[in-house]
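Okay, structure first, notes after.
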Amino acid sequence: MSWINIGILSLISILPRWIVHPFAKAYVAGETIEKTVQVVKRMNQLGYTCTLDILGEHIQSPSKAEKITKDYCSLYEVIDKETLNCNISIKLTHIGLELDEKLVENNFQMILRQADSHNNFLRIDMENSPYTQKTIDLYQKNIHNYEKIGIVLQAYLKRSLEDAQALNAPGFNTRICKGIYNEPSNIAFKEKIEIQDNFFLITKEILSGEGFAAIATHDIPLIDRIESWIEQNNISNDRFEFQVLYGVPMGFKLKRLLSKGYTVRQYIPFGPDWFDYSLRRLKENPKIISYVLANLFKR
Ligand SMILES: Cc1cc2nc3c(=O)[nH]c(=O)nc-3n(C[C@H](O)[C@H](O)[C@H](O)COP(=O)(O)OP(=O)(O)OC[C@H]3O[C@@H](n4cnc5c(N)ncnc54)[C@H](O)[C@@H]3O)c2cc1C
């Protein structure tokens, strides 16, 4: 971590929330569902599909995990009522993964039943490596009950290509991202080029088989590389989509993807836990500080 990043991180941790809020605002839809609905509507009008995520993770009490589960269930109702082009992504530690296996399974199935009754999709975000296998297991246990579920494979994990090979089948829907957590080098690639190559290999693996690939990255050279391969191999548009985090500047790239008829999805986090969540992310991956600052100046 650079000394500048260490300094900024310590400063952010002690600053009042109202000072930090304008910086986080670009990346978080808001604290309330009302504000978030407005953001999703605006994104839909611009041609993007969306995914909503209630900020938070590592819940330590069963009653809080149940409350978040209920919030996710009501979110499907709001999406339907407001006719939003939008689905949902959850983190399993937000609904009790660290507490009790039965609790997380019940909560997960409650959200799945709600997704089913609204004919909508549910994706499980991938958290750090102690949860990788547990996440895949829960996905595999439930995919037979409701097929509109997806998971995430992280290109920095050395195991992910094999996971892709094992899971790839009709109906398999995975987001591919680089991975945000700080993982040890015995299980994770550390060099940018290795991660990009693995991302490309996993995407090719999914699209050469019968799965659906959600290509989640802001790395424009990597997107270009995947786009060329997709075009050379005549991969049909309904086999993949591109995904980005709300607020990350991409120049004209997203408009160009939309103009080619590709689906582009904005991942939009919201909720009252924005401050703690942003701090945890920054502590885990301080390079985001440099991105945020660079992007602020570009604006
Ligand atoms: C839709 C979506 C869902 C994700 N879900 C998960 C998940 O479930 N599990 C997981 O571990 N990770 C997830 N991630 C995060 C991902 O793993 C990467 O850490 C993150 O996207 C940065 O990597 P990159 O591919 O954009 O490439 P990088 O090489 O890191 O970034 C490329 C460029 O994008 C810009 N940029 C990237 N990230 C940011 C940012 N946060 N703020 C400002 N600018 C930025 C910078 O300009 C940078 O130069 C997700 C990412 C996306 C887009």
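Which aspartates and glutamates, on any chain, are close to K158 with Cα under 13 Å apart, when same-chain ones fewer than 8 places away are left out?
Straight-line reach from K158, under 13 Å: E183, E191, E194, D197.
How far apart, in nanometres, would the label points at N85 and K141 be if each is projected 7 angstrom from Cα along the Cα-to-Cβ direction?
Label at N85, label at K141, 3.6 nm between them.
Between K148 and T32, what length in nm is gained on full extension when 0.36 nm per residue of separation is reduced by their alpha carbon distance? Please report the intermediate quantities before stating the final value.
Values: separation 116, 0.36 × 116 = 41.76 nm, distance 2.66 nm.
39.1 nm is the gain from fully extending K148 to T32.
Quick one: Cα centre-to-centre distance for the range 112-130 and the range 160-231, in angstrom?
20
Around Q165, with a cut-off of 12 angstrom between Cβ atoms, what is the net charge of the other residues, counting Lys and Arg +1 and Asp and Glu -1? Before the final figure, lay out each step's value.
Details: positive: R159, K204; negative: E162, D163, E205.
Its environment carries a net charge of -1.
Would you calculate the separation in nanometres between label points at I193 and I180, each defined as 7 Å from the Cα along the Cα-to-beta-carbon direction?
Between I193 and I180, the label points sit 2.8 nm apart.
Over the alpha-carbon set of the range 29-270, divide Rg by the Kirkwood Rh and report the Rg/Rh ratio to two decimals. Can you show the working numbers first?
Details: Rg = 17.3 Å, Rh = 18.3 Å.
Dividing the radius of gyration by the Kirkwood radius yields 0.94.
For the range 71-129, just the Cα set please: Rg and Dmax, both in angstrom.
Taking only Cα atoms of the range 71-129, I get Rg and Dmax of 11.9, 37 Å.
Quick check: convex hull over the Cα atoms of the range 103-222, volume per residue in Å³, rounded to an integer? Don't skip to the end; give the middle numbers.
Numbers: hull volume 12.6 nm³, N = 120.
About 105 Å³ per residue, rounded to a whole number.
Only the coordinates and a few stated rules stand behind these numbers; no lab work does. Computed from a prediction, not measured in an experiment: that's the story for all the values here. Every residue, glycine as well, gets a Cβ built from its backbone with ideal geometry; the counts of neighbours run over all protein chains shown.
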